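Accompanying notes for the structure given below.
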Amino acid sequence: MKVLLTGGTGYIGSHTAVELIRAGYEVEILDNLANSKIEVLDRIFEIAGLKPKFHEVDLEDFSGVLGVLRNGEFDAVMHFAGLKAVGESVEKPLEYYEKNIGGTVNLLKAMKETEVRRLVFSSSATVYGDQKMPEKGLDETLVTGVGITNPYGWTKFMIEQVIRDFVKAEPEFSATILRYFNPIGADKSGLIGEDPNGIPNNLMPIVMKVYRGEIPALTVFGDDYSTRDGTCERDFIHVTDLAKGHVKALEKMRQGVAVYNLGSGKATSVKEIIAAFEEAAGEKLPVKYGERRAGDLAVLFANPEKAERELGWKTERGVKEAVRDTLRFLKNSQ
Ligand code: UD1
């Protein structure tokens, strides 16, 4: 089977490319390199033994996308490409709506025209908004779209709806929507990992920059939450587990639209992440405690039972392993 990965040189796309190749799939990548580097292709080759064919195309370029799909004879598309900086999305909402939603619409139009009928989409736990956390974690039956606090999150919510409407109108198409929790870690080779351009927004890339001395200290956003240790708790998932979830999703794809959470079901606090990092690195990180960040929820974790039941998938790697793998990537990329 042959799969096209949009955004395939990015963090999650590149790890999924590796796992797809390992599972015997043929992979091609379409990316505009806005937030990734072309060298990732050589790293994928080093890890998995095959270098994906690469198309430097922007999803806004409809004829470019159509050309790639027309020549490729793909069995499926995995759609990772998109802008993902929460803060930036508040500053530049139109760019986010145009690129994320417009790009997806172009992709679907091109898939329709070329009859590439299977799609896996990278969604986010952010679609669950600010609802009360159930004891067993957020599950896929819950209402989405209430209390989303930023345009990035809204684009994920809206794209899910675009996909549902499209598959309803074109029943020979099928789609799987994967809602990611908090991906961290790196391939165990240390050759690929999270390497965002510019100033990072997420916890682990900031921790990495603090460790390298590129940011003077980590500011923990709030330690007065009603949680175990006062800091926020999240469901951190090793990116290799996440990537393997995509392979399962493709294997098990059925008619219609299916939605799965990809998370571990466990909540780990910001303090616990810092402690795990310090233990693996063998040194203390400079840490400050600051105000709460607007829009943050105290606790967020998945109920991953549906993915286990229907895809036969669950996480196999813990936070400690993720932190060790992150450090290996950091040391390799210095
Ligand atoms: C964020 C987004 C979410 C998006 C996800 C992946 C918000 C509210 N949510 O999730 O929509 O899908 O990223 O891009 O922005 N933290 C610190 N100090 C820092 C950075 C983070 O204490 O310098 C804390 C945060 O307060 C949070 C935790 O670390 O409690 C995780 O933060 P982050 O990595 O940004 O992920 P989320 O906020 O969970």
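Just so it is clear, none of the values below were taken in a lab; they were calculated from the coordinates. Everything numeric here is computed off the predicted structure, so don't read it as measured data. Note that each Cβ is placed from the backbone with ideal geometry, even for glycine, and that neighbours are counted across all protein chains shown.
Quick notes on this structure:
- Applying the Karplus relation 6.51 cos²θ - 1.76 cosθ + 1.60 with θ = phi - 60° to the range 288-303 yields 3J(HN,Hα) values of 10, 10, x, 5, 4, 8, 4, x, 6, 9, 4, 9, 8, 8, 7, 9 Hz, where x marks Gly and Pro.
- Whether the chain is rounded, prolate or oblate, judged on the alpha carbon gyration tensor where a/c under 1.5 counts as rounded: prolate
- Sparse-neighbour loop sites [trypsin sites (Lys or Arg not before Pro); the range 132-189; at most 15 other C-beta within 10 Å; DSSP]: K132, K136, K188
- Cα-based shape type of the range 73-136, given that a ≥ b ≥ c are square roots of the gyration tensor eigenvalues and the cut on a/c is 1.5: oblate
- The range 276-334: C-alpha gyration tensor shape, a/c 1.5 cut-off, then a/b vs b/c: oblate
- Span from the the range 147-171 Cα centroid across to the the range 203-233 one, whole angstrom: 31 Å
- Sites excluded, GluC sites (Glu not before Pro) in DSSP loops with at most 16 other C-beta within 10 Å, longest stretch of the chain: 215-282
- For K99, the aspartates and glutamates whose Cα comes closer than 18 Å to its Cα, not counting residues fewer than 8 places off in the same chain, are D31, E56, D58, E60, D61, E88, E91, E160.
- The charge dipole of the range 6-116, taken about its Cα centre with unit charges on the Cβ of Lys, Arg, Asp and Glu (plus for the first two, minus for the last two), comes to roughly 160 debye.
- Neighbour cut-off at most 10 other Cβ (10 Å), DSSP loop, trypsin sites (Lys or Arg not before Pro), the range 270-303: K284
- Inter-part distance where the range 119-142 and the range 38-78 are each reduced to a Cα centre, Å: 30 Å
- Ellipticity estimate at 222 nm from DSSP helix runs (n ≥ 4, -39,500 (n - 2.57)) divided over the chain, nearest 500: -11000 deg cm²/dmol
- For the chain, the relative contact order is 19 percent, taking Cα pairs closer than 8 Å that sit 6 or more residues apart in sequence and dividing their mean separation by the residue count.
- With a cut-off of 9 Å between beta carbons, the residues surrounding E170 carry a summed charge of +2, where Lys and Arg count +1 and Asp and Glu -1.
- With a Cα cut-off of under 19 Å and a minimum spacing of 8 residues unless on different chains, the lysine pairs in the range 204-334 number 24.
- Theoretical FRET efficiency, 1/(1+(r/R0)^6), r = Cβ-Cβ of K320 and R212, R0 25 Å, to 0.05: 0.75
- For the range 115-266, fraction of C-alpha pairs farther apart than 23 Å, in %: 47 percent
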